[in-house]
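Participant: Here's a structure for you.
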Amino acid sequence: MDMIWKSEYEIGLAESDVQHRYFLDLLRRLQEHENSDLHDREARMLLREIDRYAYYHFSSEELLMSIYRYPDLHQRKHKHFNLLQVLDKKICDFRQLGTKVGPLCKFLTRWFFRHIDDDDREMARYIRRSRETDQSIDPRHMTASISRDLRL
Ligand SMILES: [Fe+2]
């Protein structure tokens, strides 16, 4: 897998593309420590950030899906929860069993690209279509409306 961001990785949803790009950069930095184990402080810090960023990223996409009433939201939330459980278990094994970064990084990279291809492309198509057809639930308009109210 190429760890440098390419336009073909984009799903056409700016919010998610920015986060995916940052996530891939975290993975690329982690890969530089592939022969390290838990004694590598930077690798530990990167894993902690990857773990927290995954939670943040999923919450962010769930919020978007909720705003646009994505029909598979509950199923997707369940999938996110399961993925985070697996991620936590892998990171826990790394810390407790002293495994190397390499296999964990490979797992995370596969997991990341599968997330984009299996889930996010469909979600992005749905949200783009919603934004084109229903301006009333576009969060940019919601923000404008809230700002207007605050000025009154
Ligand atoms: Fe995503």
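Participant: Checking the condition more than 17 Å from Arg110 (Cα to Cα) and either among the basic types (Lys, Arg) or assigned to a helix (DSSP H, G or I) (or both), which residue from Ala43, Ala54 passes? Can you show your working first?
Facilitator: Working: Ala54 fails: more than 17 Å from Arg110 (Cα to Cα).
Within the list Ala43, Ala54, the selection yields Ala43.
Participant: Does Arg69 fit the bill of being on the phi > 0 side of the Ramachandran plot and either surrounded by fewer than 18 Cβ atoms within 10 Å (Cβ to Cβ) or within 14 Å of the chain's Cα centre (by Cα) (or both)? Quick ask: steps written out before the conclusion?
Facilitator: Working: on the phi > 0 side of the Ramachandran plot: yes; either surrounded by fewer than 18 Cβ atoms within 10 Å (Cβ to Cβ) or within 14 Å of the chain's Cα centre (by Cα) (or both): yes.
Here the answer is yes, as Arg69 does meet what is asked.
Participant: Take the conditions polar (S, T, N, Q), modelled with pLDDT of 90 or more and either more than 15 Å from Phe113 (Cα to Cα) or away from the ligand (no atom under 16 Å from the Cβ) (or both) and apply them to Gln19. Does it pass? Don't jump to the end; show me each part of the working.
Facilitator: Values: polar (S, T, N, Q): yes; modelled with pLDDT of 90 or more: yes; either more than 15 Å from Phe113 (Cα to Cα) or away from the ligand (no atom under 16 Å from the Cβ) (or both): no.
So Gln19 fails the test.
Every residue, every condition in (1) away from the ligand (no atom under 13 Å from the Cβ); (2) at pLDDT 90 or above; (3) of a type outside the set (Ser, Thr, Tyr), yes or no:
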position	(1), (2), (3)
Lys100	yes, no, yes
His115	no, yes, yes
Glu122	no, yes, yes
Ser136	yes, no, no
Ser147	yes, no, no
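Participant: Hey, another quick one. Could you check, for the stretch 89-97, whether at least one of its residues is acidic (Asp, Glu) and either under 20 Å from Glu15 (Cβ atoms) or touching a Pro at 6+ places or on another chain (Cβ under 7 Å) (or both)?
Facilitator: Checked against the condition, which is being acidic (Asp, Glu) and either under 20 Å from Glu15 (Cβ atoms) or touching a Pro at 6+ places or on another chain (Cβ under 7 Å) (or both), the stretch 89-97 yields no hits at all.
The values are calculated or read from the model by the stated rules, or taken from the named source; none is laboratory data. Every value quoted in this text rests on a predicted model; they were computed, and no experiment measured them. With ideal geometry, Cβ positions are generated from the backbone for all residues, glycine too; neighbour counts draw on all protein chains shown.
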